[in-house]
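S.K.: Here it is, the structure, as structure tokens.
The values are calculated or read from the model by the stated rules, or taken from the named source; none is laboratory data. The structure displayed is predicted, hence computed values, not measured ones. Heads up, the Cβs are rebuilt from the backbone with ideal geometry, glycines too, and the neighbour counts pull from every protein chain shown. With ligands, DNA and RNA removed, areas are computed over all heavy atoms of the protein, side chains included. Shrake-Rupley method; radii C 1.70, N 1.55, O 1.52, S 1.80 Å.
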Amino acid sequence: MPPVDVEWTSVIGLANQTLTTPALIDFVEQFASVLPEDVCAYIRQIYRRNVLRNDRLAGQLEEAVVAMNGQGITPVLLKGAATLVTAPDERRGIRLMSDLDIMVMPDEAERAVAALRAIGYQIHERTPPESQRWYVELMRSQDVGMIDLQRAALGPTHLCRGPGYALNNCLPIQLGRGKAYIPTPTYRALMLIIHDQFQDFGYWLGDLDLRHLLELRDLNDSGGGIDWNELTSCVSGGLMKNAVESQLFALAELLRVEIPHQLRSRLIPRLQFIRQLMQARFPVTRVPLLALTVLDLRNYRREETIVLTKTSAHRRGLWSVPKASTLEFLLRATTAVRAGKV
């Protein structure tokens, strides 16, 4: 039973901030008889609207996949796009999503853009062709979300093994009239963690993404579940190990997911979780606790050096202070209000 002295305005405010309001539908349906009527009505309304929105996104996704299939491309569906096609119909409205993440092979990228433009998409943003992380955001006025087209896995360049590696961890799927690939539950979990910790800078900023923690829980509860041995086999280097285990530690502590003890027992992930809770409860600590990024500055520079120079990582300067521009960026980011993050 839920506590009797809950401040529901604060609960719903936190759910809205973390983009998890539709996920409260399970709680509402279980305890509706003891919850305030206006709370139940609000959450049910948000859930119903999200079902309609995600149904439109699913139709948009199928149309995009069929268009790319027509050019000989079988895309890989990532993150929310993968969730749309794998979730049971009755669970489709649980996850809020802003766009559709789709990956293609490097030699298919321009054909994929052309296929989408042929069905009315316009380029909203595009990185230069030589970018290490290339992507194109495409949009249409009648759609409820954009398409984020990528040709490489998410995360820092020196942590990713490229689209070929991702494809080896995918399964074919029929999507209405189209065909696509989706990553296995274990690889989807890895990509979610990399996205949160590195692409969204969560590891450096000490952010929690409750929406993605819920998705990790649901992936683990799915038919195949998460293979923890396989997940750890994909992790190389001290930095990535710390980042992955920090996410898994939060998953175990906040959502009571059973994580193997060896993946939630080391010091740095424990310290990172303490930092996350402290910052969530007392936002004024975010700037002072930013200093904890130095815990893994050495690992970051060592692993970046190994990939970029192919030389020994034991060289002078690995403990040097970050560049002024890096510090300025982190300071701005740590004080900004970011949707979905606490």
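S.K.: Using a Gaussian network model of the chain whose springs link C-alpha atoms within less than 10 Å, name the residue from THR127, THR186, THR293 with the highest mean-square fluctuation.
M.R.: Taking springs between Cα atoms under 10 Å, the residue moving most is THR127.
S.K.: Leaving out ligands and nucleic acids, and using a 1.4 Å probe, what accessible area per residue does the chain come to in Å²?
M.R.: Numbers: 16760 Å² over 342 residues.
Heavy-atom accessible area per residue stands at 49 Å².
S.K.: Give the relative contact order (percent, whole number) for the stretch 34-110; include only Cα pairs under 8 Å separated by 6+ residues.
M.R.: 37 percent.
S.K.: In the chain, what percent of the accessible surface is made up of carbon and sulfur (1.4 Å probe, ligands and nucleic acids excluded)?
M.R.: Numbers: 9370 of 16760 Å².
Of the solvent-accessible surface of the chain, carbon and sulfur hold 56 percent.
S.K.: Let me ask something else. What translational D, rounded to a whole number of µm²/s, comes out for the stretch 171-230 from Stokes-Einstein when the hydrodynamic radius is the Kirkwood one over Cα pairs, at 4 °C and 1.567 mPa s?
M.R.: In µm²/s, the coefficient is 101.
S.K.: Residue farthest toward the positive end of the dipole of the chain, with Cβ of Lys/Arg at +1 and Asp/Glu at -1: which of TYR121, HIS195, ALA15?
M.R.: Value computed over the given set: HIS195.
S.K.: For the chain, list log₁₀ I(q)/I(0) at each q in 0.06, 0.07, 0.11 Å⁻¹, using the Debye formula over Cα point scatterers of equal strength and ignoring solvent, two decimals each.
M.R.: Calculated log10 I(q)/I(0) at the listed q: -0.23, -0.31, -0.80.
S.K.: A further question follows. Tell me, which longest segment in the chain has none of the GluC sites (Glu not before Pro) that fall in DSSP loops with at most 13 further Cβ atoms within 10 Å? Walk me through the intermediate numbers first.
M.R.: On the way: sites that count: GLU7, GLU130, GLU258.
Maximal segment without exposed cleavage sites: 131-257.
S.K.: In a GNM of the chain with a 10 Å cut-off on Cα contacts, which of PRO185, PRO288, PRO22 has the highest mean-square fluctuation?
M.R.: Checking each option, the largest mean-square fluctuation is seen for PRO288.
S.K.: Evaluate the relative contact order of the chain (contact order divided by residue number), counting alpha-carbon pairs under 8 angstrom at least 6 apart; express in whole percent.
M.R.: Computed over the chain, the figure is 15 percent.
S.K.: Could you tell me which of GLY178, SER233, TYR47 has its Cα farthest along the dipole of the chain towards the positive end, charges placed at Cβ (Lys, Arg +1; Asp, Glu -1), taken about the Cα centre?
M.R.: Checked the options; the winner is SER233.
S.K.: Shifting gears a bit: Taking R0 as 22 Å, what FRET efficiency do you get between ALA336 and THR127 from their Cβ-Cβ distance, rounded to the nearest 0.05? All intermediate terms of the calculation are to be shown ahead of the outcome.
M.R.: Values: r = 22 Å, r/R0 = 1.00.
E between ALA336 and THR127, to the nearest 0.05, is 0.50.
S.K.: Taking only DSSP H segments of four or more residues, each worth -39500 (n - 2.57), what value at 222 nm results for the chain once the sum is divided by all its residues, to the nearest 500 deg cm²/dmol?
M.R.: Value at 222 nm, helices only, nearest 500: -15000 deg cm²/dmol.
S.K.: Have a look at the DSSP beta bridges in the chain and tell me what percent are antiparallel, nearest 5.
M.R.: Among the beta bridges of the chain, antiparallel pairing accounts for roughly 75 percent.
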